[in-house]
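**Student:** Take this structure first; my questions come after.
The values are calculated or read from the model by the stated rules, or taken from the named source; none is laboratory data. Just so we're clear, the structure is a prediction, and the values are computed from it rather than from any experiment. FYI the Cβ positions are ideal-geometry reconstructions off the backbone, even for glycines, and counts take in every protein chain you see.
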Amino acid sequence: MTQEEVFKKLVAHCKEYGFVFPSSEIYDGLAAVYDYGQNGVELKNNIKRYWWDSMVKLHENIVGIDAAIFMHPRTWEASGHVGAFNDPLIDNRDSKKRYRADVLIEDWIAKQDEKIDKEIEKARKRFGEAFDEAKYRETSPRVAEIAARRSEVRARFAEAMNANDLEGLRRIILDCEIACPISGTRNWTEVRQFNLMFSTQIGSVAEGANTIYLRPETAQGIFVNFLNVQKTGRMKLPFGIAQIGKAFRNEIVARQFIFRMREFEQMEMQFFVRPGEEMQWWSRWKETRMAWHRALGFGDEKYRFHDHEKLAHYANAATDIEFDFPFGFKEVEGIHSRTDFDLGSHQKFSGKKIQYFDPETGESYVPYVVETSIGVDRMFLQVMSAAYAEEPLDGGDSRVVLRLPAALAPVKAAVLPLVKKDGMPEVAQRIVDMLKYDYNVVYDEKDSVGKRYRRQDAIGTPFCITVDGQTLADGTVTVRHRDSMEQERVLVEALPSLVEEECSFRRLFKKLNL
Ligand code: ATP
């Protein structure tokens, strides 16, 4: 199965099992907007909890807030979003499709890497055992040619992006002979800038309505509250403010399911530090955040850092954590050193002093900021793509199983009476009642036990607990484990600690060494 097919199946699975639905589907949906279903919302909440607790509970010097989506319009002038939150767009005249010029070029660059990998694979087959990859990379003229062209384009791309040179971007697209994937032609328009913020009106027209924006990032709600939190919480540098909330971007191209949405959710933490200490904190946060991802156990090789070629107007260092999605390595999280740009700019635009008095040095200054910013929905897609597996079973059958980390699973245990009689449903219900205050558990009595197992595998439930004839005699049940499919007999009283052992967040948190 190709990765593309895997991805299609994953999208279908998300819908079939109540994880993600297209928004307003009965009206044929709304592009790049999605709703989370009964299992999706549980998984999403668990992801948020994993993030929130690891930030706010496990760091003494990080606190949380929940700011409003609407903010004073001057906020977005100060942050630079009114002037510079643009993407370069280009249209293909034949297909009438719109693209982000930078993404077309990035995809071309990624294709050159794939070409090099293919050359290497070919050579590996040709030379067999004796193949020396490092040497081949150095000496193959074909690999050298592709790599040189790739580096040349990369450098031109970085230069054009940094200089906001739209014609330069267009030239790269033409020189690399990039064609529209739909029409196959290279009949491109000029490249134009497009502002990604959604705007609306606040107040009635009679009062004189004002244009305001739906926030394109949650970070600004933290910056404008810096002094409120610092003073009321008597916070001392270095300290952080965390927030989870909706953000809105009028993305030019909607694609790859919930990877790029127009309404999405962010988990952002702004960490305020002394000027001059930001690089050291940036490196620390890179490591801390990478450890958070890796603790989920999907495999360290699935993650990598990607340093930015083009720095945003506010940053002096930036990296992305990329995950190996079915459509390639893509950004899940950004870790940015934002300098004193935001606080300094709000100070200027608001006319209010936003400074920190450092009791150790006796000075007042605008703190520097290191930000960690991750999309909840992209994290959701990461977890789903890593967890989804199709497995052959004995006897020619197969199953779809979501190998979710137990703490994130929407349902922790399904309680199944073997048959709907002989007092088994009553015992099963008592087990549900025993577990339900601490965990999301379900009761299921429909169909054969085998079918019920399959249903739970498909949503990633770690435990199936079956009540049978023996339960009534000796107070034991069968516990079937999702991944190994092994079954064991345990006493009903032992169930809470069994579920706790496997499903608690503590297990994940301990791996973080915080
Ligand atoms: P991209 O380059 O993919 O557009 P970005 O660099 O603009 O992303 P940031 O502004 O750094 O993204 O936003 C931080 C995080 O928010 C991203 O790492 C991503 O997880 C998430 N995010 C950003 N835009 C979207 C979107 N349109 N849909 C879903 N998540 C998003």
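**Student:** Suppose the filter is part of a helix (DSSP H, G or I) and within 13 Å of the ligand (Cβ to nearest atom); does residue 289 pass it?
**Tutor:** Working: part of a helix (DSSP H, G or I): yes; within 13 Å of the ligand (Cβ to nearest atom): yes.
Yes: the conditions hold for residue 289.
Residue by residue, here is whether (1) among the small types (Gly, Ala, Ser); (2) more than 16 Å from the ligand (Cβ to nearest atom); (3) more than 26 Å from the chain's Cα centre (by Cα) holds:
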residue	(1), (2), (3)
195	no, no, no
199	yes, yes, no
203	yes, yes, yes
245	yes, no, no
257	no, no, no
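Residue-wise test of (1) surrounded by fewer than 19 Cβ atoms within 10 Å (Cβ to Cβ); (2) β-branched (Val, Ile, Thr); (3) without any contact (Cβ under 8 Å) to a residue 60 or more places away in the chain.
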| residue | (1), (2), (3) |
| --- | --- |
| 258 | no, yes, no |
| 265 | no, no, no |
| 269 | no, no, no |
| 282 | no, no, no |
| 296 | no, no, no |
| 321 | no, yes, yes |
| 334 | no, no, yes |
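**Student:** Only one of 308, 313 is surrounded by fewer than 18 Cβ atoms within 10 Å (Cβ to Cβ) and within 11 Å of the ligand (Cβ to nearest atom). Can you tell me which?
**Tutor:** 308
**Student:** Of the residues that sit in segment 4-45 and are within 19 Å of the chain's Cα centre (by Cα) and of a type in the set (S, T, N, Q), which one is nearest to residue 454 (Cα to Cα)?
**Tutor:** Ranking the candidates gives 39 first.
**Student:** Kindly list the number of the only condition in (1) within 12 Å of the ligand (Cβ to nearest atom); (2) part of a loop (DSSP other than H, G, I, E, B) that fails for residue 267.
**Tutor:** That leaves (2) as the condition not met.
**Student:** Looking at (1) closer than 22 Å to residue 363 by Cα; (2) free of Cβ contacts under 8 Å to residues at least 60 places away in the same chain; (3) in a loop (DSSP other than H, G, I, E, B), which is the one condition that is false for residue 250?
**Tutor:** (1)
**Student:** If you don't mind, there's one more thing I want to ask. Tell me yes or no: at least one residue of segment 396-409 is modelled with pLDDT under 95, assigned to a strand (DSSP E or B), more than 16 Å from the ligand (Cβ to nearest atom) and not basic (Lys, Arg).
**Tutor:** Yes: one or more hits.
**Student:** Would you mind listing the strands (runs of 3 or more DSSP E) fully within segment 37-120 where at least 1 residues are among the β-branched types (Val, Ile, Thr) and either exposed (fewer than 14 other Cβ atoms within 10 Å of the Cβ) or touching a residue at least 60 places away in the same chain (Cβ under 8 Å) (or both)?
**Tutor:** Output list reads 62-64, 86-91.
**Student:** Starting from residues that are within 16 Å of the ligand (Cβ to nearest atom) and part of a helix (DSSP H, G or I), keep the ones in segment 270-286 and report whichever is farthest from residue 332 (Cα to Cα).
**Tutor:** So the residue we want is 282.
**Student:** So, one more: Out of (1) in the same structural domain as residue 244 (by TED's automatic domain parsing); (2) farther than 30 Å from residue 341 by Cα; (3) not aliphatic (A, V, I, L, M), what's the single condition that is false for residue 399?
**Tutor:** (1)
**Student:** Of the conditions (1) of a type in the set (Gly, Ala, Ser); (2) more than 16 Å from the ligand (Cβ to nearest atom); (3) touching a residue at least 24 places away in the same chain (Cβ under 8 Å); (4) not in a helix (DSSP H, G or I), residue 345 satisfies every one except a single condition; which number is it?
**Tutor:** The number of the failed condition is (4).
**Student:** Between 388, 368, which is in contact with a His (Cβ under 7 Å, 6 or more places away or on another chain) and either not acidic (Asp, Glu) or not assigned by TED's automatic domain parsing to the domain that holds residue 279 (or both)?
**Tutor:** 388
**Student:** Does residue 372 meet the test of being free of Cβ contacts under 8 Å to residues at least 40 places away in the same chain, within 13 Å of the ligand (Cβ to nearest atom) and either within 23 Å of residue 154 (Cα to Cα) or not hydrophobic (A, V, I, L, M, F, W, C) (or both)?
**Tutor:** no
**Student:** For segment 422-487, which helices (runs of 4 or more DSSP H) that fit wholly inside it have 1 or more residues that are surrounded by fewer than 17 Cβ atoms within 10 Å (Cβ to Cβ) and at pLDDT below 95?
**Tutor:** Qualifying helices (runs of 4 or more DSSP H): 449-459, 469-474.
**Student:** Just wondering, is there one or more residues in segment 356-366 that are out of contact with any helix residue (DSSP H, G or I) (no Cβ under 7 Å at 6 or more places or on another chain), more than 16 Å from the ligand (Cβ to nearest atom), part of a strand (DSSP E or B) and over 21 Å from residue 241 (Cβ atoms)?
**Tutor:** Yes.
**Student:** In this structure, is residue 336 under 28 Å from residue 89 (Cβ atoms), within 14 Å of the ligand (Cβ to nearest atom), assigned by TED's automatic domain parsing to the domain that holds residue 63 and not charged (D, E, K, R)?
**Tutor:** yes
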